[in-house]
Amino acid sequence: MGFVAVYNLSRMPTSVRSHAKINLGLAIGPIRLDGYHALATIYQTLAIHDLVQVVAERLAPAQENRIEIACSDTRVPCDSRNTCFQIIEHALNRLRISAQVTIHIEKKLPVRGGLGAGSANAAAALLGLERELDLELSGDDRLAIAAETGSDVPLFLIGGTVLGLGRGEEVYPLPDLPSMPCILATPDIGVSTPDAFREWDRLYAGRLENARDPAENLKPKTEEEKLTAAPGSDRLKQLGRIWASALAVPRDFHANATGVFPAELKKDRAGNLLLELVRAGIENDFEAVVFCQYPSLRGIFETLKNDSQTENSAIYAALSGSGSALFGLYRTLEEAGKAIKRLNAQGISACDTTTVGREEYWRKMFSAR
């Protein structure tokens with residue numbers, strides 16, 4: 001299968017939005033037999049997005065597939081290393097058809113940083129291919145192709161608030177958080193995910209893999225406890241259930257006898273649901289190692305989280321994935337605006353966006369912009 005880095009669209013392409021994601025929480029488990037770490041995470045899609053344009057035409061069965069990639073950002077590879085190339089190759093092989101596919105990526109998201117930009121591009125390319133060739137993959141096939149391409153790709157075939165298990169590729173839709181302001185900080189720091197995993201293993205893996213409860217992680221275990229403790233993967237599934245329960249509508253939100261939510265609860269429903277997650281112990285395990293390796297990221301985290309002068313603080317702030325991007329979620333646009341001013345005053349690149357629920361994610365997926 002050949003490729004050329006040429007942007008050559010002979011007709012109007014199918015345009016697909018390619019949204020960013022953040023990890024509301026990420027728990028690291030033991031190394032699996034396939035070499036990956038077991039994970040539990042909650043993904044959340046954001047309004048900010050790239051635009052992926054796809055043109056595809058079927059070729060005669062005997063012909064070789066031709067995939068052409070181009071991108072507005074020169075740092076993005078336009079060969080077989082590109083996730084769009086990989087997912088199209090997987091899809092055409094599974095479908096047993098030959099095609100000429102031309103893809104252009106209009107880049108607005110950071111190339112690296114834990115926001116899932118490349119994975120989102122791949123999911124968008126797959127959806128664009130289906131439209132272009134007038135076919136529809138089954139949900140199982142679509143998710144299988146996505147998982148072959150990368151651990152984060154399947155989440156973008158669901159959107160909204162999503163539970164990720166396995167190595168992150170086992171995805172389950174959760175009750176959506178209502179839309180809320182989000183500030184992304186994207187420092188010019190490169191964090192190596194493999195290095196972060198290795199440092200995690202060095203410092204924590206031996207003590208965490210048999211822990212039943214996150215609060216018990218660092219306590220010494222008796223021989224009996226070691227024998228009866230749940231495996232690390234069971235701990236991750238337990239965390240997933242706890243997090244999912246926290247996102248279910250809390251008892252306080254049940255409608256009153258008239259069927260109407262109390263006004264004061266409706267006003268801050270997103271904040272209350274997010275606080276339920278915080279109370280459930282949601283956090284990003286990578287912060288324990290990445291903040292030590294890159295102290296400036298901890299400083300950005302504190303800037304996102306707190307405003308010492310006015311005591312306006314984020315409902316929740318965290319590293320996304322292994323970084324280097326960080327985010328803060330806020331109750332109001334005013335509080336989010338103050339956070340971005342604090343970051344800009346320190347010379348830190350940042351942008352404002354909002355979280356996006358599943359319905360809006362899909363309703364706008366094929367918008368031109």
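The values are calculated or read from the model by the stated rules, or taken from the named source; none is laboratory data. Everything numeric in this text was worked out from a predicted model, so none of it was measured. Please note: Cβ atoms are built from the backbone with ideal geometry, for glycine as well, and neighbour counts cover all protein chains shown.
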Among the numbered criteria (1) modelled with pLDDT of 80 or more; (2) touching a strand residue (DSSP E or B) at 6+ places or on another chain (Cβ under 7 Å); (3) buried (at least 16 other Cβ atoms within 10 Å of the Cβ), which single criterion is violated by Thr303?
-> (2)
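Picking from Arg331, Arg269, which residue would you name as being more than 21 Å from Ile348 (Cβ to Cβ), at pLDDT 85 or above and not aromatic (Phe, Trp, Tyr)? Explain how you work it out, then say what you get.
On the way: Arg269 fails: at pLDDT 85 or above.
The unique qualifying residue is Arg331.
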Select from region 65-119 the residues that are of a type in the set (A, V, I, L, M, F, W, C) and out of contact with any strand residue (DSSP E or B) (no Cβ under 8 Å at 6 or more places or on another chain) and write down the one among them that is farthest from Gly160 (Cα to Cα).
-> Leu95
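Residues of region 7-33 being among the charged types (D, E, K, R) and at pLDDT 95 or above, which ones? Working first, answer last.
Restricting attention to region 7-33, the residues satisfying the condition of being among the charged types (D, E, K, R) are 11, 17, 21, 32.
If the condition is that a residue be among the charged types (D, E, K, R) and at pLDDT 95 or above, then Arg17, Lys21 are the ones that fit.
So that you can scan it fast, the table gives a plain yes or no per residue for (1) of a type in the set (A, V, I, L, M, F, W, C); (2) touching a residue at least 12 places away in the same chain (Cβ under 8 Å); (3) more than 19 Å from Ile300 (Cβ to Cβ):
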| position | (1), (2), (3) |
| --- | --- |
| Thr149 | no, yes, yes |
| Ile158 | yes, yes, yes |
| Val162 | yes, yes, yes |
| Pro173 | no, yes, yes |
| Leu177 | yes, yes, yes |
| Leu184 | yes, yes, no |
| Asp188 | no, yes, no |
| Pro194 | no, no, yes |
| Leu203 | yes, yes, yes |
If we ask which residues in region 320-360 are surrounded by fewer than 23 Cβ atoms within 10 Å (Cβ to Cβ) and over 16 Å from Cys182 (Cα atoms), their number turns out to be 6
Consider Ala47 carefully, then state whether it is modelled with pLDDT of 95 or more and buried (at least 19 other Cβ atoms within 10 Å of the Cβ).
-> no
Within the group Gly323, Gly347, Gly328, which residue is at negative phi and assigned by TED's automatic domain parsing to the domain that holds Pro295?
-> Gly328
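Kindly evaluate Ala205 against the criterion of being surrounded by fewer than 21 Cβ atoms within 10 Å (Cβ to Cβ) and at pLDDT 95 or above. Even if it seems obvious, please write down each step before you answer.
On the way: surrounded by fewer than 21 Cβ atoms within 10 Å (Cβ to Cβ): yes; at pLDDT 95 or above: no.
Against the criterion (surrounded by fewer than 21 Cβ atoms within 10 Å (Cβ to Cβ) and at pLDDT 95 or above), Ala205 does not qualify.
Restricting attention to region 56-97, report how many residues are in contact with an Asp or Glu (Cβ under 6 Å, 6 or more places away or on another chain) and part of a strand (DSSP E or B).
Of the residues in region 56-97, the ones in contact with an Asp or Glu (Cβ under 6 Å, 6 or more places away or on another chain) are 56, 72, 90.
Cutting the leftovers down to part of a strand (DSSP E or B) gives us 56.
Qualifying residue count for the region: 1.
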Check Leu227 against each of (1) within 28 Å of Gly328 (Cβ to Cβ); (2) modelled with pLDDT under 85; (3) not in a loop (DSSP other than H, G, I, E, B) and name the one condition it does not meet.
-> (1)
Please verify whether region 65-80 includes one or more residues that are under 21 Å from the mean Cα position of the chain (by Cα) and crowded, with 24+ Cβ neighbours inside 10 Å.
-> no
Matching residues in region 141-156 (crowded, with 24+ Cβ neighbours inside 10 Å and more than 17 Å from the chain's Cα centre (by Cα)) number 1
Which members of region 98-122 meet the condition of being outside any helix (DSSP H, G or I), among the small types (Gly, Ala, Ser), modelled with pLDDT of 90 or more and surrounded by 24 or more Cβ atoms within 10 Å (Cβ to Cβ)?
-> Gly116
If you go through region 129-136 one residue at a time, do you hit one that is under 29 Å from Arg363 (Cβ atoms) and surrounded by 23 or more Cβ atoms within 10 Å (Cβ to Cβ)?
-> yes
State yes or no: is Leu297 in contact with a Cys (Cβ under 6 Å, 6 or more places away or on another chain) and at pLDDT 90 or above?
-> no
